[in-house]
Amino acid sequence: MPHAPIVILSEETARRIAAGEVIDRPAAVLRELLDNALDAGAAEITCSLEEGGNARIRVVDDGSGIAADDLGRCALPHATSKIHDLEDMDRLSTLGFRGEALASIAACARLEISSARAGAASGQRLLVEGGKRLALDPHPPRPGTIVDVSRIFFNMPARRRFLKRPQTETALCKATFIEKALAFPNVALRLFSDDELVLYLPPAPLRDRIALAHGGTFPLEFLEEASANGPGFRLTAICARPEAARTDRKYLQIFCNRRRIFEFSLLQAVEYGYTGFLPGGLKPIAFVFAEVDSSLVDFNIHPAKREARFRNLPDLHRALSVLVKGLLSKSVPEALRTARGAADDSGRSPAQPSGGGATLFPDFGSHRRFGGSRIGDRPGLRGDILDAFHRAKNEAERPERAPAGEGAAGGLRYLGQLWRVYLAAAGRDELILVDQHAAHERILFDELEKKPRAVQPLAVPLAFDLEEDEREALLPGREALARLGFELKATGRACEVSALPALLSGVPEADVIAFLKSARGTFEELERRVLAQAACRAAVKAGDELDPVSAEELLTRALALPDPRCPHGRPVVRRFPRQELDKIFQRIV
């Protein structure tokens, strides 16, 4: 339409377009009606769906109700009791405020509202269809409000054709229902679908509400709770133990002032908090509830208020990451006591190597001298460590050396290597398995943290291209990357690396590029990733055969780790008490 004239849309057409922006499916209707009920101070809300909401949505609440004089205006465009002038936007404390919801629903469906104030002599009923008022008449004075929405998109056939099957729409409505229920754990909520009770959530503490709302997906005992205060905000985090992790972010949710929002920085902060507790590729289960001073947050940037603009986002990010990390670290002291217990019984430090022979842990100082100038010229630390294995193996095979025995691993009896992956040991009343790669990786990581950093200049710079979004994400972190030892120069889409941390010498070029393209976070977070990558590359691998001397030393030091997880979060040690084994084999003890 290159020469079409500019026209002013009719009021009806504009109203339908606006309705489509706010109301795109039954779940959006339910979201808006729940917001209104919660803003009205309801203590009990019942939601009913027919055909997933495609046919009908009914929400009944016992809130404050709508005054008779106000009911006739509530479905008009921009009609709201939440704000009266622009300055009120800076003091918002309600879920809804724009005055668009009921008008948008009325524009694309049949809307019936019955409401009365507590103590009123009579109530009223409003009926609107397609934006046209059909009735406003007296109604029995039941305190609270009943909203009935039917014939959704009856006048927008294109929109109606895109509705999903009732089962799919029901699932979406249930997800919306649960989101609201989590933010208001003191409110009783019921959800019916085609006259069947789908979910009942009585008032409960937040942690209990989350476990109950998700129906056993993660048991209550998997959840831990912690809170923290900051300038203008308060954070509450409900975090699941790492064992309950997933491969997606379905249960990683952020709520701000009782609205669920999608703020990548805060999602990222939670994941940073889980660093060191979760293996790579897995996502945590965590629910974060932020209460932020209304002057520091703006929700008026998205029709469904799914996004927000924060004036103190760096403070929130930092505080949330620290809160989650601290919450998860509470489990470490107990693990530490357990790990050290058996070794301490022997009366000698578990970190003290046993027996003679070559050490599995050479001085890292020598590994900061690199002969090559290109990435990949040097195999890295792992070759030196394997050389140590071979030396130890030769010594172990000498006839005069006795085989491993009692006391060789801190009061434990080393049993051997399983599938060249796990080291097995027997204690007085337990069986212990150690993941040889995870253990060695953690030990090397802890040692690398204490060593001075070095920079490796590259004789031939490493060049690669950046997409626009990658460039925008990389450039703000250049200062932190420079502190790590990266020397970067970006021109247009091209990026050139002329130096990098010496610890990454020997790492494949593709891995270095991938690291830089995904470099997000603080200096400390990026430094941890570099150290973890170096430790992982240097550590023994699953499939490497260990001689008894090296295996016993690795086992001993693994049991002394203050944080018995690899840098990527995988457990290092697993203990199986004899009592549990007796139960498995149904022995009578």
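The values are calculated or read from the model by the stated rules, or taken from the named source; none is laboratory data. These numbers were taken from a predicted model, which means no experiment stands behind them. For neighbour counting, all protein chains shown are included, and Cβ atoms are generated from backbone atoms with ideal geometry for every residue, glycine included.
Just so you know, in the range 537-555 the residues that are part of a helix (DSSP H, G or I) and of a type in the set (D, E, K, R) include one that is surrounded by the fewest Cβ atoms within 10 Å (Cβ to Cβ), and it is Arg537.
Applying the set (1) at pLDDT 50 or above; (2) assigned to a loop (DSSP other than H, G, I, E, B); (3) among the hydrophobic types (A, V, I, L, M, F, W, C) to Phe370 leaves exactly one unmet item: (1).
For the range 307-330, the criterion of being assigned to a loop (DSSP other than H, G, I, E, B), within 28 Å of Leu30 (Cβ to Cβ) and not hydroxyl-bearing (Ser, Thr, Tyr) is satisfied by at least one residue. Every listed requirement among (1) more than 19 Å from Phe264 (Cβ to Cβ); (2) among the polar types (S, T, N, Q); (3) surrounded by fewer than 17 Cβ atoms within 10 Å (Cβ to Cβ) is met by Gln456 save one, (3).
Table: residues versus (1) on the phi > 0 side of the Ramachandran plot; (2) in a helix (DSSP H, G or I); (3) in the same structural domain as Arg56 (by TED's automatic domain parsing).
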site: Thr168; (1), (2), (3): no, yes, yes
site: Thr176; (1), (2), (3): no, yes, yes
site: Lys180; (1), (2), (3): no, yes, yes
site: Pro185; (1), (2), (3): no, no, yes
site: Leu189; (1), (2), (3): no, no, yes
site: Phe192; (1), (2), (3): no, no, yes
site: Leu212; (1), (2), (3): no, yes, no
site: Gly216; (1), (2), (3): yes, no, no
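Taken over the range 229-254, the residue count meeting the criterion of being surrounded by fewer than 18 Cβ atoms within 10 Å (Cβ to Cβ) and farther than 16 Å from Pro279 by Cα is 7. When restricted to residues that are without any contact (Cβ under 8 Å) to a residue 60 or more places away in the chain, part of a helix (DSSP H, G or I) and either within 21 Å of Pro567 (Cα to Cα) or aliphatic (A, V, I, L, M) (or both), the range 437-482 contains 7. Within the range 150-186, the set of residues being over 35 Å from the mean Cα position of the chain (by Cα) and either at pLDDT 95 or above or among the hydroxyl-bearing types (Ser, Thr, Tyr) (or both) comprises just one member, Ser150. Entry remark, the range 131-149: residues being at positive phi and at pLDDT 90 or above number 1 in total. Contact map, the range 160-187: first residue under 19 Å from Ile105 (Cβ atoms), second residue charged (D, E, K, R) and assigned to a helix (DSSP H, G or I), Cβ cut-off under 7 Å, separation 6 or more or different chains; pairs are Leu163/Glu169; Thr176/Arg31. Residues that are out of contact with any helix residue (DSSP H, G or I) (no Cβ under 6 Å at 6 or more places or on another chain), free of Cβ contacts under 8 Å to residues at least 60 places away in the same chain and either among the aliphatic types (A, V, I, L, M) or part of a loop (DSSP other than H, G, I, E, B) (or both) within the range 218-239 comprise just one, Pro219. Screening Leu163 with (1) hydrophobic (A, V, I, L, M, F, W, C); (2) in contact with an Asp or Glu (Cβ under 9 Å, 6 or more places away or on another chain); (3) more than 17 Å from Leu30 (Cα to Cα) gives one miss only, at (3). Collect the residues in the range 103-159 that are assigned to a loop (DSSP other than H, G, I, E, B), within 19 Å of Asn36 (Cβ to Cβ) and among the aliphatic types (A, V, I, L, M), keeping them in residue-number order. Listed by number, the residues that qualify are Ala109, Ala118, Ala120, Ile152. Can you spot a residue in the range 106-114 that is surrounded by fewer than 22 Cβ atoms within 10 Å (Cβ to Cβ), of a type outside the set (A, V, I, L, M) and at pLDDT below 90? No, the range 106-114 contains no residue that is surrounded by fewer than 22 Cβ atoms within 10 Å (Cβ to Cβ), of a type outside the set (A, V, I, L, M) and at pLDDT below 90. In the range 483-509, the qualifying residues are those that are of a type in the set (S, T, N, Q) and touching a residue at least 40 places away in the same chain (Cβ under 8 Å), and the one that is surrounded by the fewest Cβ atoms within 10 Å (Cβ to Cβ) is Ser498.
Farther than 20 Å from Arg529 by Cβ and touching a strand residue (DSSP E or B) at 6+ places or on another chain (Cβ under 8 Å), is that true of Glu487? The answer is no for Glu487. Within the range 510-536, the set of residues being in a helix (DSSP H, G or I), of a type outside the set (Phe, Trp, Tyr) and either farther than 30 Å from Ser265 by Cβ or without any contact (Cβ under 8 Å) to a residue 40 or more places away in the chain (or both) comprises Ala510, Asp511, Ala514, Glu524, Arg529, Gln533. Looking across Leu462, Leu475, Leu466, one residue alone is at pLDDT 80 or above and either in the same structural domain as Val421 (by TED's automatic domain parsing) or closer than 28 Å to Leu423 by Cα (or both). It is Leu462. For the structure I just gave you, tell me whether Leu189 is of a type in the set (A, V, I, L, M, F, W, C) and at pLDDT below 95. In short, no. When the residues of the range 459-482 are filtered to those that are hydrophobic (A, V, I, L, M, F, W, C) and more than 18 Å from Leu504 (Cβ to Cβ), the one that is surrounded by the most Cβ atoms within 10 Å (Cβ to Cβ) is Leu466.
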